[in-house]
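To start, the structure itself, in structure tokens.
Since every read-out is calculated from the coordinates, none of them should be taken as a lab result. All of these numbers come straight from a predicted model, not from anything done at the bench. Please note: Cβ atoms are built from the backbone with ideal geometry, for glycine as well, and neighbour counts cover all protein chains shown.
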Amino acid sequence: MRLLSLKRRLLVVSLALLLLVPGAAAGKATPSHGTFAGRISIGGGRELYLKCRGTGSPTVLLEAGLRNTADVWSTPADASDKRTMVYQGVSRFTRVCAYDRPGTTLPPNEFSRSTPVVAENVSPEVLGKSVADMELSVRSRKALQRLNINSLGELAMRTEDELLGCKNFGQTSLNEIKQQLASFGLSLRKLDE
């Protein structure tokens, strides 16, 4: 629990530095003013989806709740709600940024805009291996192509429900993929992670 809290503090500090130091995002620097929306490098091969708007100081950083996207701060739950959302309201008087939490839960066939955290004890070489290195049936391989999953790391970031939501992907294919991932020391992401 304490390790998780430390990681969370490091993430917030990293975000603050990225917002304050132009060019800190490894060639994908966020502008110091104006509107920005895109992925920024946060190190370790991971990227975070960040959107910023407004000018001034200090920069306000809005943190989405567990598995929420940055849009939770700017999109009303009810389209008929005409109140000003927090993101738009704060941007009227200072710079404001919001980010997608790693592991954001999205509908099937959509993937988190931020790179989720995967097993810490697995080497980057294993995570970067192509899914073509797995011994899979044609049906499973085509499902991974439809979902645009190219590496073992990308696959390990998916949940069972995300895979089962893909056309022509059933329990047999799911079991096959879980077995193959296990042979590399990986598993699919659980919703409570």
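A few remarks follow.
- 3J(HN,Hα) along the range 165-182, derived from phi through the Karplus expression 6.51 cos²θ - 1.76 cosθ + 1.60 where θ = phi - 60°, amounts to x, 7, 4, 6, 10, x, 4, 5, 5, 4, 4, 4, 5, 4, 5, 5, 4, 4 Hz, with x in place of Gly and Pro.
- FRET efficiency for Glu125 and Lys167, using Cβ-Cβ distance with R0 set to 22 Å, rounded to 0.05: 0.10
- For the range 124-183: rounded, prolate or oblate by the Cα gyration tensor [a/c cutoff 1.5]: prolate
- Taking the range 124-183 and dividing mean pair separation by its residue count, relative contact order in percent (alpha carbons under 8 Å, at least six apart): 40
- Members of Lys142/Lys178; Lys142/Lys167; Lys129/Lys178 lying beyond 18 Å, as alpha-carbon distances in this model show: none
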